[in-house]
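Have a look at the structure below, then the notes.
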Amino acid sequence: MSTSPLGRPYDYAVSCLHQAAGDMEALPLELQTLLLVESAQGIIDNGGLEYFYEADFPNSPPYSVFVEAYRRIGADSAADCIASTARMFPFAEPQLFEPLRQLWLAKLGAEPDSEFHRLSKRICGDESVWSRLAAYVERNRDAFAAA
């Protein structure tokens, strides 16, 4: 059992992901959306976008996958924060280069008033993401019927 605030639907989505051998793309879009937003926002709430970008996600999806998931639930402001900061990396496909991301993030640490940090503060602790995600799950409850 998870500690997700979304309880049974989240547990159901995780069990489906396990059955799909970790292949997120094999899941229905509704389950993908729940898993992507729940995992990303949990990380962001614990340490901002710095934490979100620090480590690789399984299969290194492009950050646009997260942006699209946030947009599907109607969290456009949070999606904009991720999209904007992902474009700030001074190299292409940052999701593929953890060491380079970490170096760049370390340099940003010396600039606490940067645009990156401003956007990070805006999304970190944004309770509207969780309420929008819960509403999204409710609107798509048929996708979570076994939950």
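Since every read-out is calculated from the coordinates, none of them should be taken as a lab result. Not measured: the values here are computed from a predicted model. Positions of Cβ are generated from backbone atoms using ideal geometry, with glycine treated the same way; all protein chains shown enter the neighbour counts.
Computed quantities for the displayed model
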| item | result |
| --- | --- |
| Helix axis angle, 7-19 relative to the chain longest principal axis, alpha carbon, degrees | 90 |
| For segment 80-147, alpha-carbon Rg and Dmax in angstrom | 16.6, 48 |
| The chain: angle of helix 29-54 to the longest principal axis, Cα-based, in degrees nearest 10 | 30 |
| Ranked packing of 114-127, 11-24, most packed first, by mean Cβ within 10 Å | 114-127, 11-24 |
| Order of Leu6, Leu105, Leu34, Leu96 - criterion: other Cβ atoms within 10 Å of each residue's Cβ, fewest first | Leu96, Leu105, Leu6, Leu34 |
| Degrees, to the nearest 10: 127-139 long Cα axis against longest axis of the chain | 30 |
| Distance from segment 27-41 to segment 43-81 (C-alpha centre basis), Å | 11 |
| Packing-based ranking, highest mean first, of 81-87, 53-59, 69-75, 25-31 given that Cβ atoms within 10 Å are counted | 69-75, 81-87, 25-31, 53-59 |
| All Cα pairs of segment 1-86, percent lying beyond 14 Å | 64 |
| Convex hull of Cα atoms in the chain, direction-averaged projection (nm²) | 8.3 |
